1. State whether the chain is rounded, prolate or oblate according to the following rule on the C-alpha gyration tensor (a ≥ b ≥ c being the square roots of its eigenvalues): a/c under 1.5 gives rounded; otherwise a/b larger than b/c gives prolate, and the remaining case gives oblate.
2. Nothing charged except the Cβ atoms of Lys and Arg (+1) and of Asp and Glu (-1): what's the magnitude of the dipole of the chain about its Cα centre? Round to the nearest 20 debye.
3. Please give, to one decimal in nm, the separation of the simple spin-label points placed at GLN248 and ASP127, each 7 Å out from Cα toward the Cβ.
4. Please list, ordered by chain and number, the residues whose modelled amide H lies under 5 Å from the amide H of LEU146; skip anything fewer than 5 residues away on the same chain.
5. How many nm separate the modelled label positions at LEU188 and LEU259, each set 7 Å beyond the Cα in the direction of the Cβ?
6. May I ask what percent, to the nearest 5, of DSSP beta bridges between residues of the chain are antiparallel?
7. Rolling a 1.4 angstrom probe over the protein heavy atoms, how many square angstrom per residue are accessible across the range 132-264?
8. Under 28 Å Cα to Cα from LYS262, which lysines show up? Leave out anything in the same chain fewer than 8 places away.
Amino acid sequence: AKHKGRNNFQCYDHELTLHVTERLSLGAALRYACANHELQLYYQPKVQLKDGRVVGVEALLRWWHPVLGMLTPDRFISIAEETGLIVEIGEWVLKTACQAAVDFNRDVAASFKVAVNLSCRQFLQNDLAATIEAILKTTGCRGEWLECEITESLMIEDNPQVANTLEALRALGITIAIDDFGTGYSALNYLSRFPIDVLKIDRLFINHIDTDPCKVGLVKVFIALGTNLEMQIVAEGVETVSESASLQKLGCGLAQGYLFGKPQPFDVLMTTLSL
Ligand code: C2E
Ligand code: CA
Ligand code: CA
Ligand code: CA
């Protein structure tokens, strides 16, 4: 992790573990991935625990590499961030997700939300909110149908641009979710300083919550914290009926995970959901 002083904030990369040559060749290929239509969004359902209703999806990026086949984001997002390609890729993601949101709201359910993951690198441009506003306009997507997922690392540096962008997104009706909650930084003061609507509890705390009293204790505190701040709570990575039951007992409202559905291509999910 690097710290470069007040107004000079930097993204933190956790994934410098890939082999250098793989990074170089993937970086070169990634440059063409957008134009060559090699990127695809998969969608994972987000359900309401009390009745199992699907209230939205999270868009997750996949790259169909011409030689290596399908790659998940761990293989290429950090490369995209370092090279700056994430800005172009991120715009493609937003546009595609907004188009999907229009279809989901027409064919599945009203107020159906599509969540996208935003890299902190995307917040370094000063026109992110304007870019998103333009995308909403061209796709016909309403702000209320879009949720932006960001991580704690974006908020620990006291950058006014981040707060301004988040406020501007909020003004468009877009909701803001904190992703991987609990894994980042112990300072929690950002929770009251930034406009946050949703806490997504990392799957680290959810996995085996049905048998681990220590995890129950932590998740209880996270739920109380978020609820007191009038945030929605989403449990990530729910894999078993028993985990789901534990979460419901603790008062967790929403959940995602393989139990309710893996990430799937748009057409596949649309077919299941509109039945
Ligand atoms: P994330 O935002 O925390 O997304 C959740 C990850 O957990 C996804 O991995 C999802 O497939 C996986 N997952 C969902 N349910 C379960 C479960 O029940 N069990 C287990 N073991 N895993 C589950 P995925 O799709 O490989 O994405 C990895 C990360 O890549 C994401 O983590 C997100 O941080 C990043 N990412 C994905 N799409 C984008 C994107 O469009 N832009 C940016 N900047 N980052 C993205
Ligand atoms: Ca996410
Ligand atoms: Ca997450
Ligand atoms: Ca994650």
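The values are calculated or read from the model by the stated rules, or taken from the named source; none is laboratory data. Remember, it's a predicted structure, so these values are computed and weren't measured experimentally. Ideal geometry is used to build each Cβ from the backbone, glycine not excepted, and the neighbour counts take in all protein chains shown. For accessibility, only protein heavy atoms count, side chains too; no ligands or nucleic acids. Shrake-Rupley method; radii C 1.70, N 1.55, O 1.52, S 1.80 Å.
1. Since a/c stays below 1.5, the shape of the chain is classed as rounded.
2. 200
3. 4.8
4. VAL114, THR175
5. Those two pseudo-labels are separated by 2.4 nm.
6. 45
7. 45
8. Cα-Cα hits under 28 Å: LYS46, LYS50, LYS95, LYS113, LYS200, LYS215, LYS220, LYS249.
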